[in-house]
Amino acid sequence: MIQAHLPFTLEPDSPVKILAVDDDPQVLQLLVTAVESFGFECETAGDGVAALKKLQTGNYSLVITDLTMPRMDGMTLLRKAKNLYPRLDIIVVTGYAEKFSYTDVIKAGACDFIAKPFNIDELEAKLHRALREQNMVRKLEQLSMRDALTGLFNRRGFEVKLEEEVPRAHRQNYPLYVIIIDMDKFKTYNDEFGHQAGDRALQAIGRLLLRNTRDNVDWCCRPGGDEFAIIIPYTDDHQAMAVAQRILEQYRQHPFGETTLSIGLASFHRHPQYTMGEDIEHLLVRADQAMYRSKQAGGDRISCDPSFTTANCPLT
């Protein structure tokens, strides 16, 4: 299901952007100068209320916040921000006279603290440590979302990409399609030629999908077994159908034994009476049903969700 607030994520080439929060303009200027000298981008907010507004519109790598501020203090900001964005790292700047201790801010969700007056070298070291840990977590997550055999996204990766791409398509009002592909007679091929041959067939299909889709736009997945899936945004009925046809025709030229492909194609539609998660589930059900119609008709063909016109989606 879709979460109310997706976690902060950074693509490998995303710039590091830090939000500095303090009601003292001189401290803010010092933080901006220091952070930019480290090679990072830095934006500012004068208190917790302004910071929360900034967090709604920007993808920040990390927040540095003072504790004592008007309207909303740093501890309230810390708690609210961690509730809304659980994976956002926050470093708290504390003074010796503060009513909150180091233990208090860590328990509230801060990743680290810096005592006032802070040292620039200490600030740089703590920023780099927090960012290194973020990179390690991101790499581990990427590994956990990849299928070891084909290199495509696995079931978890497929679900994560759907939860990212479908709401974005709805927000920005562009079409999105899902293609479900299942190998026909794969078990027979596996039994006859062995699991290593079956693995080579699955790897070949993975390469076939990647050759016929756009890098970093379309998302190729292997949810499990001999089933594959593609998420295709920024396109239309004809272009989505063309992707499916190319895959089917190219596989026909180099099949593995008597195996064929059954392909189902469906487009996303938003229904206000359902949650976004329910609409995503409905999209997958419709794509699966289309694939099973291909399989029941003998395989080696494409079937589409009824939202496609007959002209756009012939049985191939």
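Of all residues in the stretch 274-309, exactly one satisfies the criterion of being among the aromatic types (Phe, Trp, Tyr) and assigned to a helix (DSSP H, G or I), namely 292. In the stretch 227-240, how many residues are in contact (Cβ under 8 Å) with a residue 24 or more places away in the chain and either surrounded by fewer than 23 Cβ atoms within 10 Å (Cβ to Cβ) or not assigned by TED's automatic domain parsing to the domain that holds residue 177 (or both)? Within the stretch 227-240, residues that are in contact (Cβ under 8 Å) with a residue 24 or more places away in the chain and either surrounded by fewer than 23 Cβ atoms within 10 Å (Cβ to Cβ) or not assigned by TED's automatic domain parsing to the domain that holds residue 177 (or both) number 7.
Only residues that are surrounded by fewer than 17 Cβ atoms within 10 Å (Cβ to Cβ), modelled with pLDDT of 90 or more and in a loop (DSSP other than H, G, I, E, B) were counted across the stretch 1-29, and they come to 1.
Return yes when residue 206 is in contact with a Cys (Cβ under 8 Å, 6 or more places away or on another chain), in a helix (DSSP H, G or I), under 20 Å from residue 154 (Cβ atoms) and not aliphatic (A, V, I, L, M) and no when it is not. Judged against the criteria, residue 206 is a match. Scanning the stretch 199-210 turns up one or more residues that are surrounded by 18 or more Cβ atoms within 10 Å (Cβ to Cβ), at pLDDT 95 or above and out of contact with any helix residue (DSSP H, G or I) (no Cβ under 8 Å at 6 or more places or on another chain).
Looking only at the stretch 247-297, count how many residues are within 22 Å of residue 164 (Cα to Cα) and in contact (Cβ under 8 Å) with a residue 60 or more places away in the chain. Reasoning before the result, please.
So the first thing to find is which residues in the stretch 247-297 are within 22 Å of residue 164 (Cα to Cα), and the list is 264-288.
If we keep only those that are in contact (Cβ under 8 Å) with a residue 60 or more places away in the chain too, we end up with 264-268, 270, 275-277, 279-280, 283-284, 287-288.
Looking only at that region, the number is 15.
Only one entry in 105, 92 is closer than 15 Å to residue 28 by Cα, crowded, with 19+ Cβ neighbours inside 10 Å and of a type in the set (Val, Ile, Thr), namely 92.
Checking each residue in the stretch 184-204 for being aliphatic (A, V, I, L, M), under 15 Å from residue 251 (Cα atoms) and more than 27 Å from the chain's Cα centre (by Cα) picks out only 201.
Any residue at all in the stretch 91-99 that's among the hydroxyl-bearing types (Ser, Thr, Tyr), farther than 20 Å from residue 15 by Cα and out of contact with any helix residue (DSSP H, G or I) (no Cβ under 7 Å at 6 or more places or on another chain)? Yes. For the stretch 161-176, the criterion of being over 15 Å from the mean Cα position of the chain (by Cα), hydrophobic (A, V, I, L, M, F, W, C), over 30 Å from residue 92 (Cα atoms) and buried (at least 19 other Cβ atoms within 10 Å of the Cβ) is satisfied by at least one residue. If you filter the stretch 183-198 down to residues that are charged (D, E, K, R) and in a helix (DSSP H, G or I), you find that the one that is nearest to residue 272 (Cα to Cα) is 187. Annotation for the stretch 160-182: no member residue is in a helix (DSSP H, G or I), charged (D, E, K, R), under 22 Å from residue 301 (Cα atoms) and at pLDDT 95 or above. Tell me whether the stretch 30-41 contains one or more residues that are in a loop (DSSP other than H, G, I, E, B), loosely packed, with under 13 Cβ neighbours inside 10 Å, modelled with pLDDT under 95 and not acidic (Asp, Glu). Taking every residue of the stretch 30-41 in turn, at least one turns out to be in a loop (DSSP other than H, G, I, E, B), loosely packed, with under 13 Cβ neighbours inside 10 Å, modelled with pLDDT under 95 and not acidic (Asp, Glu). Just one of (1) buried (at least 21 other Cβ atoms within 10 Å of the Cβ); (2) touching a residue at least 40 places away in the same chain (Cβ under 8 Å) trips up residue 224, so point out which. Condition (1) is where residue 224 drops out.
The values are calculated or read from the model by the stated rules, or taken from the named source; none is laboratory data. Predicted model, so just to flag it, every value in this text is computed and none were measured. Positions of Cβ are backbone-derived with ideal geometry, glycine not excepted, and every protein chain shown enters the neighbour counts.
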